[in-house]
Each structure stands twice: as C-alpha cells, then as structure tokens.
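Only one structure is covered here, and it is reproduced in the block below.
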Amino acid sequence: MVTMNIDEKIQKIEEGTLEVIDTAELKDVLEKDQPIAYTGYEPSGKIHLGHAVTVQKLKTLQNLGFKIKILLADYHAYLNGKGELDEIRKTAEYNMKCFKALGLDETTDFILGSSFQLEPSYSDKVYKLATLTTLKRARRSMDQVSRHDDNPKVASVIYPIMQTVDMDALDVDIALGGMEQRKIQMLARENLEKLGANVPVCIHTPLLHGLDGDAKMSSSKGNFIAIDDSVEEITKKINKSYCPQGEIEDNPMIEIAETFVYPNQEKLLIKRPEKFGGDIELTHEELLNDFANGELHPMDLKNGIKDFLIEYLAPVREYMEE
RNA sequence: CCCGCCUUAGCUCAAUUUGGCAGAGCGUUGGACUGUAGAUCCAAAUGUUGCUGGUUCAAGUCCGGCAGGCGGGACCA
C-alpha cells in the first residue's frame, strides 16, 4: 500500500467520480483505522463495463486500506422483478466470481442480501422507515433503477427503504454507486439520520453510454461489453458500436478510453495501416485533440480500444475459465 | 363478493357497420453507401391472437369457463 496523506487519498478517491457527498465527511472517514466501503449489485446475467466502473473504484478504495463489502442484492433483484430467488442466487454466485476476476482481493466480503435482510432487527427498521417515507419520495428515488412496469408494484417502494437499512446493517462508511443510485442514496442519508444511524459518505460514478450511443449501458438493452466476453464478441461489438467522427462528447469509445485506458496507463497504442499513417501511441490529451480535429479516424480509435479491451479483460477471461 | 372494460410480433398498435389466408410502424437481422458506427436506401425474418371448451364449411372476431390487469360498486351494524 502506497503511503499518501489524506488530501492525496481524497484526490485519488474523487478521481473519475461525479460527486462525493461530502468531502469533509470523507476526510473524517479516512481518519478511521479500517473504514468500510460498500456497493450493492442486483445479480445480473452479465457483468459488464458499467459494473466495472464501480468495481475499479472499489479496488482503489481497497488499496487505500478500506474494507470492501459487496452486497449481492438478491432480494433487491427479486423486488425489481428480475425473477425467482433461487435463480437470482445462482446468478449471484456467478457474479461473485466475476467481481473476483476483476481483481478484488481475498479480503473482500461478498454478502448475500437475504443472509441478513430477514433478521427481526432489520425488518423492524424497514417498517419504521416505511412510516417515515412518503410514497412519492420512495417512487421518485427509483426512477432510474426500477425496471419499467405498467403496473408498478409495492415492491418498488420497499426497495429503497431496504437499501437504506443495508447501509446500517453492513456498518458502511462509504456507499458507492453509479449516478442512477443518487436519489436512493440521498433518501438513505436523510432516513439514516432519522434512525439515528451512521450516515455514510456517498460517492457516485458516471454512467457509461451504451455501445449504441444510448444514454446508459445496461444488461436489458444488450448494448454492453461483458467482462467475460470472448475476443470475437469484443471485436464484433466494438465494430458495431456508435462512434461519430470528430465527436468526443457522448462517444462510447472515447468514454471507454477515459474510464479504463488512461486511469491505468499513460498512452494508448493504436495500430494503423501504413497508408493511414502507421501505428501511433496517444496520451489522453492527444487522443482527444486528434479525434476532435479529425486526424484520428473512428475505425482506428475502435481498433485501439478493441485491442486494449482484449488485453485488459484477458485476466478476467482466464479466471472465468477455471 | 358484484358489474364493466382490456389481453394480437421484442415494443406500440391495426385487422370496416355484418366471421373469409393475421398486418403496419418501430426494433432486430442481412445488403448498398461511407476507411467505423449512425443517418439514408433496399431486402428479409419473427406470431400457441392470454389459457381453455364450444358454435360454424370457416373464429383475433360469436358463446361459455379460467387467469392476469384496469376502473367502478358493494361491505364499513
């Protein structure tokens, strides 16, 4: 573990996030011996690059001395209409392997939601929050999280309340999630206060655009690269991806570069045929400039990203094959 | 518990008053055009018409039963 002072740690934690609520509280957390950071995931048939954004941040926290708890939120997935519990639990097993493959070490706790969410003391808090939370507020918090349903279920308002009690039950100092979690997390901060429980620092990471240019990469839309996709699948998906020439805003290829390439290495190698200028290595800044002014062709960018991802995800594929 | 309405392709919906080969748009897939994708153009695929029984030469369509959903009523001695 690298020695850093608190400000350096804060900078490292905030890097690549959209917000930390709030930084002053984070400072207090960093004074603790072994603070706890957690992220909850609904078990999903495929773990993709969007999940990897938060996992990458959890790894950073782990390196900074945090205890990492990953909630395999089986009941949450169930409440969100993802299927029957026994199926969801099988998926959770698979997901745990995926998270380990992404490089979280053996000190990481993987906790199945149902292993503690049926405790009387847990239920008691859920009921208490149910009396303190308005229907509108609970539903609004689920806007970006609920699976679309023409006939919304009561389950959808129990969901954010449980997520709140999870933070208390798991004794977390940091709650990390994608930006779609924001409203639930803010509700949780208010509600934990009301329970007299510890209020965690909330950290939100940006959402990756889908490969089709859609605002969100998601399992249900099929516009993702899974962390255990084969070389052929990665190649095919990158080739099919949305990538407008010269456009660096909302461009999924640029986003992948900024999210996974440059936090991990200085330059990106792009192989090009001689007639298009030959191979080049670009820094973050050079890549943005060259792409924006048209010197870097989308197909070349794609090839660079594709080669990077194939290599970046190689350890994951190997781990998953065992 | 009672009454009414709804259920057709992955999605949104058509299918004439009066039963006659189940369709369109979007999406998907393939091709054309671009040194990528998208856009555009061309082409293709996809159905247990919620389930079930019946009437009929013939049922998405008419009749019965069931399920799910929506709305209302009743109950509130």
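Structure notes:
- Residues (open to solvent by 30 Å² or more (accessible area, probe 1.4 Å) and either within 16 Å of RNA strand B (Cβ to nearest atom) or part of a helix (DSSP H, G or I) (or both)) located in the stretch A:182-205: A:ARG182, A:LYS183, A:MET186, A:ARG189, A:GLU190, A:GLU193, A:LYS194, A:LEU195
- Selection status of A:ASP168, touching a residue at least 24 places away in the same chain (Cβ under 8 Å), in contact with a strand residue (DSSP E or B) (Cβ under 9 Å, 6 or more places away or on another chain) and more than 14 Å from RNA strand B (Cβ to nearest atom): no
- Leading residue by the ranking (least open to solvent (accessible area, probe 1.4 Å)) among those in the stretch A:250-278 that are within 13 Å of RNA strand B (Cβ to nearest atom) and of a type in the set (Asp, Glu): A:ASP250
- Verdict on A:ASP212 being surrounded by fewer than 19 Cβ atoms within 10 Å (Cβ to Cβ) and more than 17 Å from the chain's Cα centre (by Cα): yes
- Any hit, the stretch A:149-161, residues being charged (D, E, K, R), surrounded by fewer than 21 Cβ atoms within 10 Å (Cβ to Cβ), away from RNA strand B (no atom under 16 Å from the Cβ) and more than 21 Å from A:LYS57 (Cα to Cα): no
- Residue under evaluation A:LYS82, criteria (1) under 27 Å from A:ILE225 (Cβ atoms); (2) open to solvent by 50 Å² or more (accessible area, probe 1.4 Å); (3) in a helix (DSSP H, G or I), criterion not met: (3)
- Residue, nearest to the chain's Cα centre (by Cα), within the stretch A:14-35, restricted to residues that are of a type in the set (Val, Ile, Thr) and either more than 13 Å from A:PRO200 (Cβ to Cβ) or open to solvent by 40 Å² or more (accessible area, probe 1.4 Å) (or both): A:THR17
- Flag if A:TYR242 is of a type outside the set (A, V, I, L, M, F, W, C), away from RNA strand B (no atom under 16 Å from the Cβ), farther than 26 Å from A:TYR38 by Cβ and under 24 Å from the mean Cα position of the chain (by Cα): no
- When each of A:THR39, A:THR54, A:THR17, A:THR107 is tested for being under 17 Å from A:VAL172 (Cβ atoms), assigned to a helix (DSSP H, G or I) and at pLDDT 95 or above, the lone residue that passes is A:THR54.
- Applying the set (1) open to solvent by 80 Å² or more (accessible area, probe 1.4 Å); (2) within 15 Å of RNA strand B (Cβ to nearest atom); (3) not aliphatic (A, V, I, L, M) to A:GLU311 leaves exactly one unmet item: (2).
- Listed by first and then second residue, the pairs linking a residue in the stretch A:20-44 that is over 13 Å from A:LEU71 (Cβ atoms) to a residue that is open to solvent by 20 Å² or more (accessible area, probe 1.4 Å) and polar (S, T, N, Q), with Cβ atoms under 9 Å apart and 6 or more places separating them unless they lie on different chains, are A:SER44/A:THR91; A:SER44/A:SER219.
- Test: A:LEU71 is aliphatic (A, V, I, L, M), under 18 Å from A:TYR159 (Cβ atoms) and buried (at least 16 other Cβ atoms within 10 Å of the Cβ): yes
- Qualifying residue in the stretch A:206-220 (condition: touching a Gly at 6+ places or on another chain (Cβ under 6 Å), more than 16 Å from RNA strand B (Cβ to nearest atom), not charged (D, E, K, R) and not in a helix (DSSP H, G or I)): yes
- Hits in the stretch A:280-296 (condition: open to solvent by 80 Å² or more (accessible area, probe 1.4 Å) and either more than 11 Å from RNA strand B (Cβ to nearest atom) or aliphatic (A, V, I, L, M) (or both)): A:GLU281, A:GLU285, A:ASN289, A:ASN293
- Residue match in the stretch A:126-135 (condition: surrounded by 15 or more Cβ atoms within 10 Å (Cβ to Cβ), more than 23 Å from A:LEU26 (Cβ to Cβ) and among the charged types (D, E, K, R)): yes
- The stretch A:221-239 - residue that is assigned to a helix (DSSP H, G or I) and among the hydrophobic types (A, V, I, L, M, F, W, C) and, of those, farthest from RNA strand B (Cβ to nearest atom): A:VAL231
The values are calculated or read from the model by the stated rules, or taken from the named source; none is laboratory data. As the structure is a prediction and not an experimental result, all values here were calculated from the model. Heads up, the Cβs are rebuilt from the backbone with ideal geometry, glycines too, and the neighbour counts pull from every protein chain shown. Heads up: the accessible areas ignore ligands, DNA and RNA and are worked out on the full protein's heavy atoms, side chains in. Shrake-Rupley method; radii C 1.70, N 1.55, O 1.52, S 1.80 Å.
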